[in-house]
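J.: Pasting a structure here, questions to come.
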């Protein structure tokens with residue numbers, strides 16, 4: 001088994017995954033910023049070992065991989081951890097390796113999702129694709145010629161922070177108009193809240209308190225034919241599709257995989273995204289790239305992706321030995 005770890009700001013999910021991508025054990029613990037990182041990682045390591053013991057004596061842990069929004073595979077660190085009172089460039093690989101006594105990698109969560117799709121999901125058999133995660137923000141993992149593109153610090157593929165609309169919405173990164181402020185679960189909520197007053201008041205979404213509206217509410221309303229919700233998905237697909245067309249011109253992929261909570265909307269999101277991407281594609285790329293929704297359970301994607309990253313590393317080591 002390998003341990004796939006999804007380290008979030010409020011909770012950490014982890015599971016034990018075999019080479020076929022089956023998660024045979026799963027657990028969640030709170031990511032408590034007040035207990036200190038040393039205490040937290042000791043607790044996490046103990047919980048992983050307890051999970052391993054629950055599977056019996058004939059199961060061994062070969063490695064672990066941590067997926068985090070600011071994880072750096074190049075350095076084995078989590079950089080500028082948001083919502084956590086932890087030091088910058090925290091050496092997570094070294095900390096967990098000393099506790100678990102197995103190899104540990106750290107990876108950007110969007111990169112982990114891309115590798116998970118390549119080994120276990122919609123991108124099996126593809127060597128040139130990128131995976132876009134549409135959750136609270138927008139992440140992107142890029143695979144070129146069968147290799148994950150990392151960049152000099154392990155942060156390549158920050159598609160969420162390209163400028164979608166110049167001088168647009170304020171982003172949590174401090175810049176204006178970033179793609180993730182429009183194409184994400186939080187972005188589509190902002191789109192609804194920015195609607196014209198009359199349009200908003202005639203929508204079923206106006207029955208919710210403005211601070212309580214979620215992407216799921218918008219999805220449910222759109223499925224019932226609510227005009228504002230449908231318009232919000234069309235606008236989201238437009239912004240995302242235009243940026244995907246630009247990204248295709250740079251990367252020339254065969255496939256784009258969309259994953260994350262917002263993709264639960266299915267065709268409500270997929271159809272306008274495909275339409276607007278195709279409208280903006282350079283002629284030489286038309287008909288050469290497919291957009292596909294992830295087939296993996298979105299609750300498990302981050303864990304399977306992190307585990308896939310470690311399996312990929314172990315496979316590489318095994319091949320080198322041969």
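J.: How about the stretch 61-157: which strands (runs of 3 or more DSSP E) wholly inside it have at least 2 residues that are surrounded by fewer than 17 Cβ atoms within 10 Å (Cβ to Cβ), in the same structural domain as residue 34 (by TED's automatic domain parsing) and in contact with a helix residue (DSSP H, G or I) (Cβ under 8 Å, 6 or more places away or on another chain)?
T.: So the answer is none; nothing clears 2.
J.: Quick one: which of 162, 189 is modelled with pLDDT of 95 or more, farther than 24 Å from residue 230 by Cα and either crowded, with 16+ Cβ neighbours inside 10 Å or touching a helix residue (DSSP H, G or I) at 6+ places or on another chain (Cβ under 6 Å) (or both)?
T.: Values: 189 fails: farther than 24 Å from residue 230 by Cα.
The match here is 162.
Here is a yes/no grid of residues against (1) assigned by TED's automatic domain parsing to the domain that holds residue 150; (2) on the phi > 0 side of the Ramachandran plot; (3) in a helix (DSSP H, G or I):
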{"site": "218", "(1), (2), (3)": "yes, no, yes"}
{"site": "225", "(1), (2), (3)": "yes, yes, no"}
{"site": "235", "(1), (2), (3)": "yes, no, yes"}
{"site": "238", "(1), (2), (3)": "yes, no, yes"}
{"site": "244", "(1), (2), (3)": "yes, no, yes"}
{"site": "256", "(1), (2), (3)": "yes, no, no"}
{"site": "271", "(1), (2), (3)": "yes, no, yes"}
{"site": "276", "(1), (2), (3)": "yes, no, yes"}
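J.: Still on this structure: Take residue 195 and decide whether it is over 15 Å from residue 239 (Cα atoms), at pLDDT below 95, in contact with a helix residue (DSSP H, G or I) (Cβ under 6 Å, 6 or more places away or on another chain) and not in a helix (DSSP H, G or I).
T.: yes
The values are calculated or read from the model by the stated rules, or taken from the named source; none is laboratory data. Note that the structure is predicted; figures quoted are calculated from it, not measured. Cβ coordinates were reconstructed from backbone atoms using ideal geometry, including for glycine residues, and neighbour counts include every protein chain displayed.
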